[in-house]
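The values are calculated or read from the model by the stated rules, or taken from the named source; none is laboratory data. Owing to the predicted nature of the structure, the values given are computational and were not obtained by experimental measurement. Counting neighbours? That spans all protein chains shown, and the Cβs are built from the backbone with ideal geometry, glycine included.
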Amino acid sequence: MGYDELMPLSHRGTDGLGGLGATIVDSLDTAIIMGADDVVSEASKWIEDNLMKRISEKGQVNLFETTIRVLGGLLSAYHLSGGDHPGAGDSGVPVTYKKANPERLLEVSKDLADRLLLAFTSSPTAIPLSDVILRDHTAHAAPDGLSSTSEASTLQLEFSYLSKVLGDPKYDRAAMKVLEHIHTLPKVEGLVPIYINPSSGQFSGENIRLGSRGDSYYEYLLKVWVQQEEYRDSSLKYLFEMYTEAMRGVKHLLVRKTVPNGLVFVGELPFGRNGGFSPKMDHLVCFLPGTLALGATKGITKRKALETNLLTDEDIENLQLAEDLAKTCVEMYFVTSTGLAPEIAYFHIEGDTEGGPDGGNKSSKYINDIVIKPLDRHNLLRPETVESLFVLYRITEDSKYREWGWQIFQAFEKYTKVDSGGYTSLDDVTSLPPSTRDKMETFFLGETLKYLYLLFDENNTLPLDKYVFNTEAHPLPVMRSAEQASHSV
């Protein structure tokens, strides 16, 4: 016990994320939400007994991965265990007898965050370095000197919440300087390249996409604004403006429809706006339907937003795009032989005569719309589609999102579950039986199963107008002023 990731077929563990027990920490709040008291008790004891020591002894970790998985997991568990409020608060999650020790979780969070801050303070600009040596209190850039735009800009929810509960602004200040700096940089209709140089503070290259290295930049523009409700109309208004501009850019430059059946998808501009359009979409892009829906209603139901006349024409347009993209994301599952999505899909568009291999499910209406190339056929148990199904179900109250989620869950159960325990990634979702990879990513327990559980929850646990989920599915409370909190219903 205590490895970062499970190898379920060989019954071993591996430390691919720095050796901080990432699966345990990443899944603790999932267990709390599900009321799995024995798991909470065992995981909490391991964290209390081992994690502080590991943080002091371990070497290199990635700033982004460690922040979203470990720091985010610790802080969410701290909140859900009653660390910053009596009882269950707004979450709807009961605080059980076997709860985690919130004081210890906060202590470990502070120690880890203090070391991660070196990535910010060691950089000559507002853009943090990508890696930290925990035991040495040092940080360095990646070998090519660049940081991923998404990684550098996806740290604020966690650091801002830590500042709030500790009463120490240094964490929030460091993380928010990143977004304040990016606000000043030139963009392409709100869209940004996927690399940024911490030495110069400037973007590097012209590659624009909402998949890997780009995705959560756009997600956090909205979510940081949502989280800090007190400042939405004042000091953080610029974030929602950046998000709005970016979504307009997505619709203008990246959204296309397939032939012959008109699936809506988000492509890429690998050589910038003056280069060619690529009809490629990572599964990672399937976060976008949920983000668009959240941006449209700010977490309340569509029905309530319409009744109170809160939706603009642009909100309604974005909500429709969210539903269209969610349809495409689930068809990436249903078009394959296993009913599970590939890591990457390509789409047939007008004028494209190249064609390519299909997903294997000949009964799918969209078999000729979606191309799955041999190197892209793997499935890593990713959460983005079920995340968007959860958000869209909460907002639209349309049962089809539950039906789609149930089909995806059944496919995970059928093809990835390991009898001796755990779930395994797949090498090829287009063939039967699918070949397997001996690895269960931490996000399967931390995100995928959490979102599936919440999709079928009947109690509106963790309401979307009172909680914001970090990009690793760790729920953190929307931070209100005392006056706002007293007026909230």
Checklist entry - Right, Ser204: farther than 21 Å from Leu294 by Cβ, hydroxyl-bearing (Ser, Thr, Tyr), surrounded by fewer than 22 Cβ atoms within 10 Å (Cβ to Cβ) and out of contact with any Pro (no Cβ under 8 Å at 6 or more places or on another chain) or not? => result no
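So which of Asp15, Asp4 ends up being farther than 18 Å from Asn470 by Cβ and surrounded by 17 or more Cβ atoms within 10 Å (Cβ to Cβ)? Lay out the reasoning, then the answer.
Details: Asp15 fails: surrounded by 17 or more Cβ atoms within 10 Å (Cβ to Cβ).
Only one candidate qualifies: Asp4.
Would you check which residues across the stretch 293-312 are in a loop (DSSP other than H, G, I, E, B) and exposed (fewer than 13 other Cβ atoms within 10 Å of the Cβ) and list them?
The initial filter retains those residues of the stretch 293-312 that are in a loop (DSSP other than H, G, I, E, B), namely 298-301, 308-312.
Listed by number, the residues that qualify are Thr308, Asn309, Thr312.
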Checklist outcome for this item: Within the stretch 138-180, residues in a loop (DSSP other than H, G, I, E, B) and either in contact with a Gly (Cβ under 7 Å, 6 or more places away or on another chain) or among the hydrophobic types (A, V, I, L, M, F, W, C) (or both) come out as Ala141, Ala142, Leu146, Leu155
Checklist outcome for this item: Within the stretch 167-192, the residues that are under 16 Å from Ser147 (Cα atoms) and surrounded by fewer than 22 Cβ atoms within 10 Å (Cβ to Cβ) are Lys177, His181, Ile182, Leu185
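Of everything in the stretch 201-239, what is part of a helix (DSSP H, G or I), of a type outside the set (A, V, I, L, M, F, W, C) and under 23 Å from Ser123 (Cβ atoms)? Give them in sequence order.
Taking the stretch 201-239 and keeping what is part of a helix (DSSP H, G or I), we get 215-227, 229-231, 237-239.
From what is left, the residues that are of a type outside the set (A, V, I, L, M, F, W, C) are 215-220, 223, 227, 229-231, 237-238.
Within the stretch 201-239, Asp215, Ser216, Tyr217, Tyr218, Glu219, Tyr220, Tyr238 meet the criteria.
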Checklist entry - Within the stretch 335-390, how many residues are more than 27 Å from Tyr453 (Cβ to Cβ), touching a Pro at 6+ places or on another chain (Cβ under 9 Å) and part of a helix (DSSP H, G or I)? => result 2
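Kindly indicate whether Asn274 is touching a Phe, Trp or Tyr at 6+ places or on another chain (Cβ under 9 Å) and polar (S, T, N, Q).
Numbers: touching a Phe, Trp or Tyr at 6+ places or on another chain (Cβ under 9 Å): no; polar (S, T, N, Q): yes.
No.
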Checklist entry - List pairs: first in the stretch 253-266 and under 17 Å from Gln320 (Cα atoms), second small (Gly, Ala, Ser), Cβ under 6 Å, 6+ apart or cross-chain? => result Leu254/Gly267; Arg256/Gly267
Item to check | Residues being touching a residue at least 40 places away in the same chain (Cβ under 8 Å) and over 17 Å from Tyr243 (Cβ atoms) - total across the stretch 137-151 | outcome: 7
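Quick one: would you say Lys45 is over 15 Å from Phe443 (Cβ atoms), without any contact (Cβ under 8 Å) to a residue 24 or more places away in the chain and surrounded by fewer than 22 Cβ atoms within 10 Å (Cβ to Cβ)? Steps first, please.
Working: over 15 Å from Phe443 (Cβ atoms): yes; without any contact (Cβ under 8 Å) to a residue 24 or more places away in the chain: yes; surrounded by fewer than 22 Cβ atoms within 10 Å (Cβ to Cβ): yes.
When the stated conditions are applied, Lys45 passes them.
Could you say whether any residue in the stretch 240-254 is of a type in the set (A, V, I, L, M), out of contact with any His (no Cβ under 7 Å at 6 or more places or on another chain) and not in a helix (DSSP H, G or I)? Reasoning before the result, please.
As a first pass, look at the stretch 240-254 and keep what is of a type in the set (A, V, I, L, M): 242, 246-247, 250, 253-254.
Next, only the ones that are out of contact with any His (no Cβ under 7 Å at 6 or more places or on another chain) stay: 246-247, 250, 253-254.
Adding the requirement that they be not in a helix (DSSP H, G or I) leaves none.
No, there is no match, as no residue in the stretch 240-254 is of a type in the set (A, V, I, L, M), out of contact with any His (no Cβ under 7 Å at 6 or more places or on another chain) and not in a helix (DSSP H, G or I).
Kindly provide the set of residues from the stretch 1-52 that are closer than 30 Å to Glu458 by Cα and outside any helix (DSSP H, G or I), ordered by number. Don't jump to the end; show me each part of the working.
Narrowing the stretch 1-52 to residues closer than 30 Å to Glu458 by Cα: 22-44.
Matches in the stretch 1-52: Gly35, Ala36.
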Checklist entry - Out of curiosity, is Leu381 within 24 Å of Ser435 (Cα to Cα), out of contact with any Gly (no Cβ under 7 Å at 6 or more places or on another chain), at pLDDT 95 or above and not small (Gly, Ala, Ser)? => result yes
